[in-house]
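The values are calculated or read from the model by the stated rules, or taken from the named source; none is laboratory data. Since the model is a prediction, treat every value here as computed from it, not as a measurement. Heads up, the Cβs are rebuilt from the backbone with ideal geometry, glycines too, and the neighbour counts pull from every protein chain shown.
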Amino acid sequence: FINRATPVLDEEGNLMQWIGTSTNINDFKILAAQKDTFLGIASHELKTPLTSLKLYAQVLERMLRKTGDEKNAEFAKKMDVQIIKLTSLIGDLLDVTKINSGKIYLNETHFDFEKLVIETIEEQQLSTDFTIEMHIEKSGTVFADKDRVSQVITNFISNAIKYSPNTQKIIARVERVENNIQFSVQDFGIGIPEDKKDKVFEQYYRVSGDEETTFPGLGLGLFISAQIVERSNGKIWVNSIPEKGSSFCFSLPVANQ
Ligand code: ADP
């Protein structure tokens, strides 16, 4: 129970009575769990039709290209890009329900970190006109969930692109810092105010500003990224200067094999 009470005083300031409320926080907990269960079921159900939509869009694009209809093939490709965005949003919702119910499982293996970074960035470069510059040091092997680490890299890069309305370049770096491998993405975009820097890793948190409506999102990507990195014994942080840009970083321990 949460109890709140306010004193009621007479004209001379003498205490006459207390008025209070008592709230059963169990009700909130039950509601929060129900919300997560619903989100979990809804996002799971939405994923299935999207998978076939994606397949149809790809087949359509290929057919149109074959017949030389480049203009309509471009529309089909745009459809595919939007389907990818939708799939990723739904994936985030599903991940959040897994995290909140303690059911996110990491499938950890040993893998070459810089190889994963290059693969992930090359894949993302296909769907953007931004120049993604890479400065990659030979860094070593980590023990973590490869798909989940790739998800964090993808999240940093898509945010860097999304929050850079007036520039066209971002820089991805991999460095070895003592016994850790550090990955960072630097952008030259809108930046983040000092007092909001830690909050961006919280669930559903979005920095609000004049332009917030021009940047769509659910405020989940960085929360999920932080959970993945922390559960892999790593660290996640951001350096940023408003209107100059941000550098999102994470580090993972080098694996002893
Ligand atoms: P979303 O982008 O869907 O809102 P995220 O969890 O990925 O959710 O990010 C949370 C918030 O952090 C964003 O709403 C935005 O305000 C801020 N943010 C994230 N990345 C950047 C960036 N590269 N530059 C400026 N702000 C950012």
Practice prompt. Kindly establish whether Ile190 is free of Cβ contacts under 8 Å to residues at least 60 places away in the same chain, out of contact with any Lys or Arg (no Cβ under 8 Å at 6 or more places or on another chain) and surrounded by 19 or more Cβ atoms within 10 Å (Cβ to Cβ).
Written response: yes
Worksheet entry | Test for Ala73: is it small (Gly, Ala, Ser), part of a helix (DSSP H, G or I) and at pLDDT below 95 | no
Item to complete: Determine which single condition Thr87 fails, assuming it passes every other condition in (1) under 21 Å from Leu218 (Cα atoms); (2) free of Cβ contacts under 8 Å to residues at least 40 places away in the same chain.
Response: (2)
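Scan region 143-160 and give yes if some residue there is within 18 Å of Ser246 (Cα to Cα), surrounded by fewer than 18 Cβ atoms within 10 Å (Cβ to Cβ) and not β-branched (Val, Ile, Thr), otherwise no.
Within region 143-160, not a single residue is within 18 Å of Ser246 (Cα to Cα), surrounded by fewer than 18 Cβ atoms within 10 Å (Cβ to Cβ) and not β-branched (Val, Ile, Thr).
Can you tell which of Leu89, Leu46 is touching a helix residue (DSSP H, G or I) at 6+ places or on another chain (Cβ under 6 Å) and surrounded by 11 or more Cβ atoms within 10 Å (Cβ to Cβ)? Explain how you work it out, then say what you get.
Numbers: Leu89 fails: touching a helix residue (DSSP H, G or I) at 6+ places or on another chain (Cβ under 6 Å).
Step by step, each of Leu89, Leu46 is checked, and only Leu46 is touching a helix residue (DSSP H, G or I) at 6+ places or on another chain (Cβ under 6 Å) and surrounded by 11 or more Cβ atoms within 10 Å (Cβ to Cβ).
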Discussion item. For region 96-130, which positions are surrounded by 14 or more Cβ atoms within 10 Å (Cβ to Cβ) and on the phi > 0 side of the Ramachandran plot?
Written reply: none
Practice prompt. Taking only region 218-244 into account, find how many residues are under 19 Å from Asn166 (Cα atoms), part of a loop (DSSP other than H, G, I, E, B) and near the ligand (Cβ under 8 Å from one of its atoms).
Written response: 0
Worksheet item: In region 148-190, what residues are assigned to a strand (DSSP E or B), within 16 Å of the ligand (Cβ to nearest atom) and more than 17 Å from Glu123 (Cβ to Cβ)?
Response: Lys169, Ile171, Arg173, Ser184, Gln186
Practice prompt. Report, by residue number, each residue of region 245-257 that is away from the ligand (no atom under 11 Å from the Cβ), among the small types (Gly, Ala, Ser) and not in a loop (DSSP other than H, G, I, E, B).
Written response: Ser251
Worksheet entry | Single match in Asp145, Asp198, Asp210 (criterion: more than 10 Å from the ligand (Cβ to nearest atom), charged (D, E, K, R) and at pLDDT 95 or above) | Asp145
